[in-house]
Each structure stands twice: as structure tokens, then as C-alpha cells.
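Trainee: Starting off with a structure, shown below.
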Amino acid sequence: MSRPTVTVLGAGIVGICCAIELQRSGYQVDLIDRSEPASETSYGNAGVFSLGSIAPLASPALLPRLPGLIANRYTDFRLHYPHFLQLLPWLLAFLKRCNRDTYFSDGEIINRLTVASVKRHEELIKQSGAEHLTLRNGGLRLYRHEKTFEKDALERELFRRCEVEYEVLDRDGIKKLEPDIHDRFVKGVWVNQTISIKDPQALCKHYVRYFESLGGEIKQLEVKGIQQVGNSWQLQCEPMDLQTPKLVVCLGAWTPELLKPLGYKNVIAIERGYHSMLAAQAGKVLNRPIFDVDSNYVMLPMSAGLRVTSGTNLTYRETPPTPVQIEQVLPRAYEAFPLGEKLIDEPWMGRRPSTADSKPIIGPAPRHQNLWLAYAHAHMGLGMGPITGQIIASQVAGKEPPLDVAACSPNRYF
Ligand SMILES: Cc1cc2nc3c(=O)[nH]c(=O)nc-3n(C[C@H](O)[C@H](O)[C@H](O)COP(=O)(O)OP(=O)(O)OC[C@H]3O[C@@H](n4cnc5c(N)ncnc54)[C@H](O)[C@@H]3O)c2cc1C
């Protein structure tokens, strides 16, 4: 008997994981992307499976910093002022969540998704032969000042509530883990179980090969629009149209424009982020991702050198890159570690699609049959890809998802 067909749009980490889980659960899956797999946001992220970064963005700790944030005085956040009015509803919804109760309840949901997802990643890494891309030395938050460490107490409380194992380090403890780091940091928080990936695109490509080995097919097509015809979906694509009985949309930051003609308004903001690649000085080694909390960058060892990533640039998706933040933090990265020359001329830019409640949108489209949505994974999409795939595969098959996903349902927005 032939397998029922499902089409998945978008071959970033989220679409790839949905395609794998659907193919494994008995469907014949077509995975469609206009480019090669993982060539957008899933290409240039920090590669961290975020066991130690489960904190929702909306935190009460942001409130005292609000005037400085809006004035673009900090390096972790940069607002594009012409976008302000359009963003206002998202920003107000976001600010409403900056209280302790919501912070902890959202954090606990993110933690449950992350723990389940990392477990599935581990299986996929084995099945796809990608172990050589993993780094299992944990992740290190570093503090230049005791005061900053104290201000971060809320995040450690969330860790304790969620039973995230961590160790607080002093200068000597940091030196033991990272002997080549300059003596700038007074405190560290080491989340030992964090896994990082030395080349996120390569990981995605391993997963795609695994998907193909299961019988799935990847097609390079640009999707221009979708239309419901009876119970099926007609896809207007370049260079050829397709029809499919069941459709899963995982187009990351590009999802809203596809859904708009169906009457689903845009509910995400685009947090653009940048990275630069640098060499370490001869003989110097960084063993794990570090987050310099006072300076707002992540630096981590990748196959191709050291990657430094920057914070949030809240703006339109398609305005020209404004890599101000990465340029601001690079001197701080040089202060922290013996870095050599830049390995890329221009910073890379990615687009994180983010909801105001820091949780992704996963589930059936509220007003259309045979249509599922999986997008808006913000800062955590690499880590959360596999659990998203498992949830979508169970929902498409009409089964109970592996965990309670009401908090991620599209119904909360549409
Ligand atoms: C600087 C930075 C650091 C990050 N660090 C981390 C981290 O350490 N850990 C973590 O978990 N997450 C991290 N993230 C977030 C993570 O990268 C994203 O959440 C994740 O990549 C989103 O995956 P996706 O599949 O939803 O979207 P994408 O990877 O953006 O994929 C969407 C796909 O849709 C395709 N597409 C779009 N429109 C069309 C169309 N019309 N037709 C056909 N195809 C189309 C695109 O080509 C693309 O391949 C980071 C992000 C950034 C920017």
C-alpha cells in the first residue's frame, strides 16, 4: 500500500525535523526549500542546544533597563526606530509578560520542550552519523562584575526550579576550564550538560541525508502561495506547481507572508542577529561556548574557527543589514580571549522569528484543515527542532503529542 503524502515547506532545522518524524511515522514526505538545506537562520546560529538558556526573553530584569534599551544604549538590543509603531502591539504584549510568575511559567514550558528535544537530538545525531559535530563540554556564562552575577539571580532560580544542573565558578574555576581566557571574569556559571554543534548547517545536512535514507524526498522550489482546494492544498511554486493532501509550513521568518492571504495576521517580530568568524591566536584554545554576560555576545568554537554572535536587532526582515552590535562587541571579545584575524569580511545575518511570549507556534492552523504550522522558535530553534517534529508528526497522524503543547498552540494568536 502506498504511503499518504505530506509536504513540508522549509528546510531549516524545524522543517527538516518535521520531515524526518513524519517520514518515520509512515508518511511519504516531500521537503521543499528554495535554497539548499539550512542556508538561512539555521546556518549561522550559535549551535547551542539550549539546556542552559531556557529563560524567556520577557524578564522582569529588563524593566529597570527599559529606558536604555529603547535609547539603543546597550549592545544586546537595537531597535530600528522607523519600525517602532508597527512593532508596538508586539512590544506591549512582550512587556506585559515581564513579571516573575510569567517568567517562571514560560521558562518551565521552554525547559520541558528543550529537555525532550535534546533527548531526540541525541538519537538523531547517532542515526545520522553526526557525533563528530558535537562538543560536549557544557556552556559557560561569564561575569566581569559581581553585581552582574547578582542581577542574574532570577535565571539561576529558574535553573533550580527546572532542575538544570549548574556550578558557580570563581576566577580559579574559570581558569581550570578555560586556561586561555584572559583574566577578566570574576564569576562563571557552568551548565555542564549543554551540547554545542561545531557546524549547524552540517548537522542539518546530516539530518537531511538521514531523511532521504528513510525514503523522503527533498525538492528545490520557491513557494509563491498556497491555496486550499477541497481538502487538499495547491502550492504555487517556481518552477512548477504542486498539490498535496497535507501541508506543514516551517518557513521561519518567511511564514507570515504565506499565511496572510489565508487570513492569519502576522504575530511575530523579527529579531535579526549577526555573527563574525575569527581565528584564535596560535596555540590558544576555547573549549566550549562562553556567554560574556556584561558584553552581550556568545563566542564558541566551530569547525571553521571561533564564532562570535550578537544580540537582538529588532527591525524589518528585509532592510539592509545593520551589524552595529557585532562591531560593538568584537573589541570586548578580543579583551576576553586571544583572538587573531577575522575569517569573514562581512558579518553574517540571520532572522529569528519571535513571539511576544517566547514560545514557538506549533500545531494545526485554526481555520483550515490539513494545514499545520511550526515556526517562531526565536533563539531556540536549533535546540527545539526535534521535539517540534515529534509534535507535528503526532498531530498530523491524529495522535496525542509527546507532551502537553497547549502553550504553543496557534490558537493563542489566531
Ligand atoms: C545569531 C543567532 C544565534 C542563534 N543561536 C542559537 C542557538 O545557539 N541555539 C538555538 O537553538 N537557536 C539559535 N538561534 C535560533 C535558530 O537559529 C532558529 O530558531 C532556527 O534556525 C529557526 O529554524 P527554522 O527552520 O524555523 O527557520 P530557517 O532556518 O530560517 O528556515 C526557513 C527556511 O525556509 C525557506 N524559505 C523561506 N521562504 C521560502 C519560500 N517562499 N519558498 C521556499 N523556501 C522558503 C528558507 O530558504 C529557509 O531554509 C540563533 C539565531 C541567530 C540569528
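Every read-out reported here was derived from the displayed coordinates using simple, explicitly stated rules and does not represent laboratory data. Treat the numbers as computed from the prediction; the structure is a model and nothing was measured. Don't worry about glycine lacking a Cβ; one is built from the backbone with ideal geometry, like all the others, and counts go over all protein chains shown.
Trainee: What is the pair-distance distribution P(r) of the stretch 328-414, computed from all Cα-Cα distances in 10 Å bins starting at 0, with each bin given as a whole percent?
Mentor: 14, 36, 20, 13, 14, 2
Trainee: While we're looking at this one, here's another question. Once label points are set 7 Å from the Cα along Cα→Cβ at both residue 369 and residue 127, what is their separation, rounded to one decimal in nm?
Mentor: Using points 7 Å along Cα→Cβ, the separation is 3.0 nm.
Trainee: Calculate the all-directions average of the projected area of the stretch 25-122's alpha-carbon convex hull, and give it in nm².
Mentor: Projected area, direction-averaged: 9.8 nm².
Trainee: Ok, one more. Evaluate the charge dipole of the stretch 187-328 about its Cα centre and quote only its size in Debye, nearest 20, assuming +1 on the Cβ of each Lys and Arg and -1 on the Cβ of each Asp and Glu.
Mentor: Numbers: 14 positive and 12 negative charges, 66 e Å.
Here the size comes out at about 320 debye.
Trainee: How large is ³J(HN,Hα) for each residue in the stretch 137-145, as worked out from phi by the Karplus curve 6.51 cos²θ - 1.76 cosθ + 1.60 (θ = phi - 60°), to whole Hz, x for Gly and Pro?
Mentor: My calculation for the stretch 137-145 gives 10, x, x, 10, 8, 10, 10, 7, 9 Hz in order.
Trainee: Order of 270, 109 from fewest to most other C-beta atoms within 10 Å?
Mentor: Placing the least packed residue first, the sequence is 109, 270.
Trainee: Also, I was wondering about something else. For the chain, calculate the relative contact order in percent as a whole number, restricting contacts to Cα pairs under 8 Å that are 6 or more residues apart.
Mentor: 26
Trainee: Could you compute how fast the stretch 26-66 diffuses translationally, taking Rh as the Kirkwood radius over C-alpha pairs and applying Stokes-Einstein at 4 °C with viscosity 1.567 mPa s? Give it in µm² per second.
Mentor: Estimated via Stokes-Einstein, D reaches 90 µm²/s.
Trainee: On to the next question. Could you give the dipole magnitude of the chain about its Cα centre, charging the beta-carbon of Lys and Arg +1 and that of Asp and Glu -1, in debye to the nearest 20?
Mentor: Working: 47 positive and 44 negative charges, 118 e Å.
In total the dipole reaches around 560 debye.
Trainee: Okay, next question. Cross-link partners among aspartates and glutamates for residue 246, C-alpha distance below 14 Å, same-chain residues fewer than 8 apart left out?
Mentor: Counting by Cα, and skipping residues close in sequence, residue 246 has these aspartates and glutamates nearby: 30.
Trainee: Set the Förster distance to 30 Å, then compute FRET efficiency between residue 63 and residue 220 from the Cβ-Cβ distance, nearest 0.05.
Mentor: Given R0 = 30 Å and the Cβ-Cβ separation, E is 0.05.
Trainee: Please list, or write none, the lysines whose alpha carbon is within less than 16 Å of the alpha carbon of residue 359, excluding same-chain residues fewer than 8 places away.
Mentor: 96
Trainee: Which of the peptides 184-193, 388-397 is most tightly packed, and how do the rest follow, judged by the mean count of other Cβ atoms within 10 Å per residue?
Mentor: 388-397, 184-193
Trainee: In nanometres, what is the gap between the two model label sites at residue 279 and residue 163, each 7 Å from Cα along Cα-to-Cβ?
Mentor: Each label point lies 7 Å from its Cα, and together they span 4.7 nm.
Trainee: Another question, if that's okay. If the viscosity is 0.692 mPa s and the temperature 37 °C, what translational diffusion coefficient in µm²/s does Stokes-Einstein give for the stretch 273-376 when Rh comes from Kirkwood over Cα pairs?
Mentor: Once the numbers are plugged in, D ends up at 208 µm²/s.
Trainee: Please compute the length gained on full extension between residue 316 and residue 171, using 0.36 nm multiplied by the number of residues separating them and subtracting their Cα-Cα distance.
Mentor: Going from the current span to full extension adds 48.1 nm.
Trainee: Okay, next question. Computed from the mean reciprocal separation of all distinct C-alpha pairs, what Kirkwood hydrodynamic radius does the chain have, in Å? Spell out each step's value before the answer.
Mentor: Details: mean 1/r = 0.0459 Å⁻¹.
Radius from the Kirkwood sum: 21.8 Å.
Trainee: Related question: For residue 339, which sequence-distant residues (separation of 5 or more, or a different chain) have an amide H within less than 5 Å of its own amide H, given hydrogens modelled in the peptide plane?
Mentor: For residue 339, whose amide H was placed from the backbone, the distant partners under 5 Å are 281.
Trainee: Something else now. Assuming a ≥ b ≥ c are the square roots of the Cα gyration tensor eigenvalues, decide whether the stretch 96-220 counts as rounded (a/c under 1.5), prolate (otherwise, with a/b larger than b/c) or oblate.
Mentor: Oblate, since a/c reaches 1.5 and b/c is not below a/b.
Trainee: Where the centre of each part is set by its Cα atoms, how far does the stretch 236-269 sit from the stretch 85-103, in angstrom?
Mentor: 26
Trainee: What is the spread of the Cα atoms of the stretch 215-319 along each of their three principal axes, largest first, in whole Å?
Mentor: The Cα atoms of the stretch 215-319 stretch 62, 35, 21 Å along the principal axes, largest first.
Trainee: Using the Karplus curve 6.51 cos²θ - 1.76 cosθ + 1.60 with θ = phi - 60°, what ³J(HN,Hα) values do you get for each residue of the stretch 309-320, in whole Hz, with x for Gly and Pro?
Mentor: 10, 10, x, 8, 10, 8, 7, 4, 5, 10, 5, x
Trainee: On to the next question. Give 119/260; 126/399; 119/224; 176/198; 260/399 a once-over and call out the pairs whose C-alpha atoms are over 30 Å from each other.
Mentor: 119/260; 119/224
Trainee: Counting alpha carbon pairs within less than 8 Å and at least 6 residues apart, what relative contact order, in whole percent, applies to the stretch 8-108?
Mentor: This gives 26 percent for the stretch 8-108.
Trainee: Here is a further query. Zone of residue 147 (label point 7 Å along Cα→Cβ, backbone N under 20 Å): which residues in the stretch 168-201?
Mentor: 171, 184-189
Trainee: Another one. How large is ³J(HN,Hα), in whole Hz, for each residue of the stretch 339-355 in order, when computed from phi with the Karplus curve 6.51 cos²θ - 1.76 cosθ + 1.60 and θ = phi - 60°, using x for Gly and Pro?
Mentor: Result, rounded to whole Hz: 8, x, 7, 6, 9, 10, 6, 10, x, 7, 10, x, 10, 8, x, 10, 8.
Trainee: Nearest 5 is fine: what % of DSSP beta bridges in the chain come out antiparallel, could you say?
Mentor: Expressed as a percentage, antiparallel bridges in the chain total about 70.
Trainee: Taking the Cα centre as origin and putting +1 on Lys and Arg beta-carbons and -1 on Asp and Glu beta-carbons, what dipole magnitude results for the stretch 235-287, to the nearest 20 debye?
Mentor: Numbers: 5 positive and 4 negative charges, 48 e Å.
The dipole of the stretch 235-287 has a size of about 240 debye.
Trainee: Cα gyration tensor of the stretch 123-187, axes a ≥ b ≥ c as square roots of the eigenvalues: rounded (a/c below 1.5), prolate (a/b > b/c) or oblate?
Mentor: It is oblate, given that a/c is not under 1.5 and a/b is not larger than b/c.
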